[in-house]
Amino acid sequence: MCTKWHVPLCSLRAAFYAAILKKIRPVGALVAAAGRGRIVFSSNGTPIRATGTTDVAQDNPWVSWASGIAAGLFATLFPSDCRLCGAPLINVSRLPVCEDCLGAMRPIAGGLCSICGERLISPFAFAAEDQSSESGDALCGLCRRMEPPYVKATAYGSYDSGLRELIHLLKYNQVRPAANVLGRMLVEAIEDLQPLFSGSEVLVVPVPLHFRKLRQRGFNQSELIARAALKLKRATQLRLGAAVLERQRETKSQIGLSRHQRRENIRGAFVVAKPAEVKGREVLVIDDVFTTGTTVSECARILRRAGVSKVYVATVARTLKTEAQHAIRQSEVEVRLTMAAAG
Ligand SMILES: [Zn+2]
Ligand SMILES: [Zn+2]
């Protein structure tokens, strides 16, 4: 399902449909019945869910018939599978991911730390007085011990299964159309922060890559996602400052490092390239994933040192560690109960 021909085939597929649909497309979204379900053609080339869209095809049997033929013909000539679940793709999209997989990437729900966005697992801890800040907002243990250098960090979804794979498609498989979908998710994270903005212009700063990594990958995924989000949002209050930060030192992979080791690894990796541009301003730092928060915290720390008044953080995904710890604890409890029952 994953071949080096995939991206060229996707472009060819889109061009093929575009040529046909140019002749028959009415206005707006075009929905056709074909294959295992309905196909949705969106104006930006990414799949949208059929629910709630106008079924133009029902009113125009010619459109339905021609689109069905086009979809079937292309699927026969250039078969392609969803890169996440392997289901055959029958919709017109430059993104090789099916609607079901995209629809399964839901926003994080439940009680979260009001600063870093970590999940607060226990409803008792959530309500406890010593878990809260002076304003009464719930805080996780880490933020209670040491307040981060940013005002608030929000993420769209949990960094697991589908969303992680979608981010990997962009970062490691060069599937650039994924940035548009991730940008749409980032817009939701930014909207969560918006009530906190003071009203003046906010500088949007993607976490930079070291130039060697940038040359190797060809793009900075955080910048692509930030650009996609700003294009969708069209907010005059937000302005991209892609060259504000620079990564002056290459860092080794953070995977497998403890929190302390991560902090040591990242310390001094970034510099503010344009301090005059940020002094007294509010900055929104953008990254694809918030893992332990060490990277965005380091960016926030040096931005604050350069005179930035407030730093906010928005990421597409976030690792919810307490979820894993909670699951481990649950399984330990289950083992103990089983042993007690057996004894
Ligand atoms: Zn799928
Ligand atoms: Zn926290």
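Within segment 171-326, the ratio Rg/Rh, alpha carbon atoms throughout and Rh by Kirkwood, equals 0.95.
Across segment 220-228, rounded Karplus estimates of 3J(HN,Hα) from the backbone phi angles (6.51 cos²θ - 1.76 cosθ + 1.60, θ = phi - 60°) give 9, 4, 5, 5, 4, 5, 4, 4, 4 Hz, Gly and Pro being marked x. Against the empirical curve 2.2 N^0.38 Å, the C-alpha radius of gyration of segment 236-279 lands at a ratio of 1.50. Its Cα gyration tensor gives segment 148-224 an equivalent ellipsoid, and the semi-axes of that ellipsoid, as √(5λ) in whole Å with the largest first, are 24, 17, 11. For segment 184-244, the convex hull drawn through the C-alpha positions has a volume of 82 cubic angstrom per residue.
Can you pull a Stokes-Einstein diffusion coefficient for segment 169-211 at 37 °C (0.692 mPa s), Rh from Kirkwood over Cα pairs, as a whole number of µm²/s? Answer from the Stokes-Einstein relation: 260 µm²/s.
Checking the Cα-Cα distances for LYS231/LYS274; LYS152/LYS310; LYS171/LYS213; LYS152/LYS274; LYS279/LYS310 against a 20 Å cut-off, the pairs over it are LYS231/LYS274; LYS152/LYS274.
Computed from the coordinates by the stated procedures, all read-outs in this text should not be read as laboratory data. The model shown is predicted, which means the values in this text are computed figures rather than measured ones.
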